[in-house]
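Worksheet: one structure, shown below.
Throughout, read-outs are computed from the coordinates displayed, never taken from laboratory work. As the structure is a computational prediction, the values presented were derived from the model and not from experiment. Quick reminder, even Gly has a Cβ in these numbers, built from the backbone with ideal geometry, and neighbours come from all protein chains shown.
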2 protein chains.
Amino acid sequence: MSHPTFSSVTPALIDALCAIVGTPYVSTRNIDRQARSIDVSGHLPHASDVVVWAQNAAQVAQILKLASQQRVPVTPWGAGSSVEGNPIPVQGGILLSLEQMDHVIAIHGADMQATVQAGVKFRVLNAELQPQGLFFACNTGGDATIGGLLANNAAGPKAVKYGAAKDNVLHIQVALADGRLIECGCRSIKQSSGYDLTHLFVGSEGTLGVITEATVKLMPIPQHVSAVLATFPSVQAAIDTVVAMKRSGLDAGALEFMGAEFAEFLNQTSASYANERALAMLPTLFMEFYAPDAAALATGLQQVRQLCQANAAIQVQATSDPHQREQLWAARYAAYTTCQQVFAGQRLLTTDTAVPLSAYAALVGYIEAELKTRALRGFLLGHAGDGNMHVILPYADAATEAQVMAFNAALVERSLQLGGTSTGEHGVGLGKRAYMRREHGPALDVMRDLKKLFDPHGVLNPGKIFEVNG
Amino acid sequence: MSHPTFSSVTPALIDALCAIVGTPYVSTRNIDRQARSIDVSGHLPHASDVVVWAQNAAQVAQILKLASQQRVPVTPWGAGSSVEGNPIPVQGGILLSLEQMDHVIAIHGADMQATVQAGVKFRVLNAELQPQGLFFACNTGGDATIGGLLANNAAGPKAVKYGAAKDNVLHIQVALADGRLIECGCRSIKQSSGYDLTHLFVGSEGTLGVITEATVKLMPIPQHVSAVLATFPSVQAAIDTVVAMKRSGLDAGALEFMGAEFAEFLNQTSASYANERALAMLPTLFMEFYAPDAAALATGLQQVRQLCQANAAIQVQATSDPHQREQLWAARYAAYTTCQQVFAGQRLLTTDTAVPLSAYAALVGYIEAELKTRALRGFLLGHAGDGNMHVILPYADAATEAQVMAFNAALVERSLQLGGTSTGEHGVGLGKRAYMRREHGPALDVMRDLKKLFDPHGVLNPGKIFEVNG
């Protein structure tokens with residue numbers, strides 16, 4: 001940004017960090033630095049020089065102030081479950097871990113809100129909420145912290161109903177680079193009081209400040225749930241069904257797409273789908289619906305069936321039995337993990353472009369054609385209801401990596417032409433920096449001005465969203 | 001902000017404005033300036049020196065650049081339907097009207113989106129959308145423009161289901177003070193690409209830039225709708241019902257509260273509620289529910305009745321007949337207009353604080369006690385599902401005005417103590433500037449820094465959100 005020249009982590013700096021958090025919470029051990037050098041992306045690891053576990057927000061603020069004064073990079077870390085290199089400390093310096101800030105401060109049951117420290121994992125929060133019949137709906141594949149979900153504006157399969165992280169937050173506490181600690185927003189559902197600082201920090205990936213606490217919205221756990229699996233003769237038919245579903249007011253809880261090749265891959269690689277349990281090698285939708293009672297669920301399901309059949313569905317399986325629901329969705333749940341297992345030892349690129357729904361079939365068509373032309377192996381798994389598509393591409397050597405990256409660049413370009421974005425839910429991190437000018441045009445200059453305002457020395461998570469010195 | 005010294009509108013400036021938009025679209029006539037000197041609030045009118053009707057975004061950008069260069073205040077104007085003085089040109093200068101930027105650019109039916117110029121009124125858009133079975137759900141009482149709704153982050157009674165303006169926008173085009181025109185966001189539902197500039201401008205009341213175009217989300221018009229009116233022995237019982245309703249997953253389309261005194265006032269002032277049609281003088285909830293078919297609606301209504309009765313409801317009237325629906329809701333629709341008519345010639349203060357739902361009954365109790373203590377007449381009308389309350393207070397003389405303002409200050413303080421905000425949906429405008437430091441603490445300094453970054457000469461809608469020279 002501002003062409004920073006960073007300082008090294010010196011013994012004096014380590015002493016200063018120990019003075020802030022206490023000696024037990026500062027480590028320069030290799031094992032601690034390596035464990036926080038890579039997220040679950042295919043980006044290369046990079047270790048920090050020192051790991052610091054903050055215990056509270058005031059410490060986070062002091063660490064940022066120290067890092068700013070000393071011109072030392074400081075990269076916040078939650079659970080390391082990002083998929084775009086967002087928390088990799090590529091410039092070294094301080095790894096500021098929020099792992100131990102994992103206190104659920106308050107559950108406001110009647111308000112359907114929880115106030116948590118940033119390091120609380122959403123799965124832990126949801127386990128605690130379960131007896132109250134509530135849950136935090138921004139539910140990703142990984143084991144993310146609430147702070148991490150907010151910092152990356154993550155989403156996941158339930159976003160089609162509940163929205164992304166940004167839609168599920170009311171208030172955040174943020175530590176700024178100059179050591180100030182501010183409160184953005186409040187616990188009121190409706191807020192129209194001055195500038196929306198909350199949403200400026202949400203999705204900023206720790207480059208403008210560090211979220212230390214958040215009050216998030218909770219949802220009632222649906223009591224009557226159905227799962228539907230439907231296969232279609234073509235991608236277009238599947239997507240037409242998604243469009244019809246959204247227009248119907250049926251308010252699906254999930255509308256997920258899987259490409260035919262992915263079903264074939266699962267059949268080949270997983271014993272779960274051998275022989276008579278083989279998946280249909282067709283474009284497939286995985287859906288979920290909720291209703292206040294069993295009767296309403298049943299009438300809704302009838303409408304879902306009709307909509308699928310009106311769009312030439314080949315097979316429609318629906319159930320509200322919890323065990324059968326698990327079975328119907330098993331392939332969807334297993335998809336990404338199976339890729340990771342089968343391609344262990346290889347790196348995986350997961351694309352994340354998103355387009356308006358009307359362009360989704362065109363996007364899938366483009367992807368399928370490009371994979372063929374480029375002789376690349378890629379698996380399509382999409383949050384169809386939101387127009388968001390992940391293509392998972394394994395690569396093991398430099399030549400394939402170059403081809404995979406070229407495919408990604410072409411896919412981003414095509415997605416932008418279709419009115420979409422380079423990243424629907426994974427954030428910019430390291431992998432989408434190169435597309436920011438193309439995507440945002442002059443608005444990127446405004447983003448840079450904001451970065452300079454909040455982080456004049458460029459020490460906050462340097463190298464993310466923008467190139468360092470870029 | 002930056003202690004601006006504004007320049008006057010000179011003949012040379014008017015020539016320059018004529019050069020940008022064309023002579024027919026510049027007026028210094030009294031009638032044009034007066035017609036845009038006041039919104040529907042009780043604030044005092046203030047006329048601009050010149051009214052300019054921009055025809056397109058490029059002209060808006062040029063006007064802002066000119067105003068910045070010449071240090072002349074420029075206040076954007078949509079429909080003048082705000083209720084907190086938000087578009088009153090209190091510092092004179094240029095009134096930048098977007099009234100003629102009223103072109104619906106595109107309706108993306110399959111995507112359930114519309115792209116509009118900022119001056120399109122939401123009622124006009126909804127009339128155009130009706131044949132497609134879609135509507136823009138951010139539906140306020142007034143006749144607002146889409147740009148105005150976004151600039152104030154307005155909400156309205158359907159926000160309990162569909163969210164506020166900020167929840168219904170995907171992309172905006174914004175003219176900046178230096179003449180740049182930027183695009184924020186895109187047409188993808190999911191976006192996690194760099195800083196969320198869209199939500200920085202939404203709710204900024206034209207003080208950071210002027211929204212010239214927007215792509216908004218549309219919703220399917222509900223096909224099966226019910227209206228419910230329920231009366232309760234106490235405010236607490238009514239609010240307990242609201243909490244239970246939200247926890248139930250019934251997903252109400254509206255959850256509105258009316259105080260007992262308001263019902264009494266309507267009985268006294270409107271022939272519609274005379275004699276046997278008199279409203280019950282009790283805390284009342286007005287509710288709306290949607291379902292994909294008649295059967296689901298009926299089962300949902302049964303649950304609603306049970307919830308109301310479990311909370312000691314005195315009367316529960318429910319219907320899905322369109323005509324009867326209108327009748328049930330008539331008092332709610334008529335409420336504000338009746339106040340305006342009965343108190344014509346007086347000014348009205350409409351409070352807008354919002355609190356977490358769990359504190360709503362306490363808030364209502366506080367309001368009722370304070371009105372009594374202060375011997376003030378005030379009518380309670382609340383978006384209960386969102387914890388948002390409007391107290392409408394007429395005043396005609398300076399002594400009453402002072403009492404009304406003192407009540408408002410006390411109410412804001414109490415709402416903040418309860419974890420809420422001074423303004424849920426009307427914005428800061430002129431009336432809530434004094435509470436910004438109390439509400440936001442050090443975050444207000446960050447807002448000021450942002451104002452300075454985007455509007456270094458302080459010419460954009462001066463006097464709103466922050467005091468001029470404050």
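Here the calculated FRET efficiency for A:THR337 and A:ALA295, from their Cβ-Cβ distance with R0 = 35 Å, stands at 0.45, rounded to the nearest 0.05. Pairs with C-alpha atoms separated by more than 20 Å, drawn from the list A:LYS246/B:LYS161; B:LYS217/B:LYS451; A:LYS121/A:LYS451; A:LYS432/A:LYS464; A:LYS190/B:LYS217; B:LYS158/B:LYS432, are B:LYS217/B:LYS451; A:LYS121/A:LYS451; B:LYS158/B:LYS432. For chain A, the longest principal axis of the alpha carbon atoms and the long axis of helix A:322-342 meet at an angle near 60°. Can you give the angle from 0 to 90° between the axis of helix A:360-373 and the longest principal axis of chain A, with both taken from C-alpha atoms, to the nearest 10? On a 0 to 90 degree scale, this one is about 80.
The same position A:GLY365 in the other copies lies at 6.3 nm from this copy, comparing label points 7 Å beyond Cα toward the beta-carbon, shortest first. Note on B:110-119: average number of Cβ atoms from other chains within 10 Å of each residue's Cβ is 3.
So, with +1 on the Cβ of K and R and -1 on the Cβ of D and E, and no other charges, what is the size of the charge dipole of the protein assembly as shown about its Cα centre, to the nearest 20 debye? Its charge dipole is roughly 620 debye.
Relative to the longest principal axis of chain B, what angle (0 to 90°, nearest 10) does the C-alpha long axis of helix B:398-417 take? The answer is roughly 80 degrees. Length gained on full extension, B:SER8 to B:GLN69, computed as 0.36 nm times the residue gap minus the Cα-Cα distance: 20.7 nm. Here B:ARG305 and A:GLN306 are evaluated by their C-beta separation; at R0 = 35 Å the FRET efficiency comes out at 0.75. For chain A, the equivalent ellipsoid built from the Cα gyration tensor has semi-axes of 38, 26, 20 Å, listed from largest to smallest. Only residues of segment A:34-71 count here: report those whose backbone N is under 15 Å from the spot 7 Å along Cα→Cβ of A:ASP143, or say none. Within reach of a label on A:ASP143, which here means backbone N under 15 Å from a point 7 Å along Cα→Cβ, segment A:34-71 contributes A:35-36, A:39-40.
In this Cβ point-charge picture (+1 for Lys and Arg, -1 for Asp and Glu), segment B:104-220 has a dipole of about 300 debye about its Cα centre. Between B:ALA406 and B:ALA16, full extension at 0.36 nm per residue minus the direct alpha carbon distance yields a gain of 135.9 nm. Just to be sure I understand the model, the point goes 7 Å from the Cα along the line to the Cβ. What's the resulting A:GLN100 to A:GLN55 distance in nm? Going from the A:GLN100 label point to the A:GLN55 one covers 0.7 nm.
One equal scatterer on each Cα of the protein assembly as shown, no solvent, Debye formula: the resulting log10 I(q)/I(0) at q = 0.06, 0.10 Å⁻¹ is -0.42, -1.21.
Only Lys, Arg, Asp and Glu carry charge here, each on its Cβ (+1 for the first two, -1 for the last two); on that basis segment B:1-142 has a dipole of about 200 debye about its Cα centre. When only alpha carbons of segment A:294-444 are considered, Rg and Dmax amount to 18.2, 56 Å. With a bin width of 5 angstrom, please list the P(r) values of segment B:1-71 as percents of all Cα-Cα pairs, from the 0 bin to the one holding the largest distance. Using 5 Å bins, I get a P(r) of 3, 15, 22, 23, 21, 13, 4, 0 for segment B:1-71.
Annotation: the residues A:ILE465, B:ILE38, sorted from fewest to most other C-beta atoms within 10 Å of their own C-beta, follow the order B:ILE38, A:ILE465.
Rounded to the nearest whole angstrom, the semi-axes of the ellipsoid equivalent to segment A:347-427, taken from the Cα gyration tensor as √(5λ), stand at 20, 12, 11, largest first.
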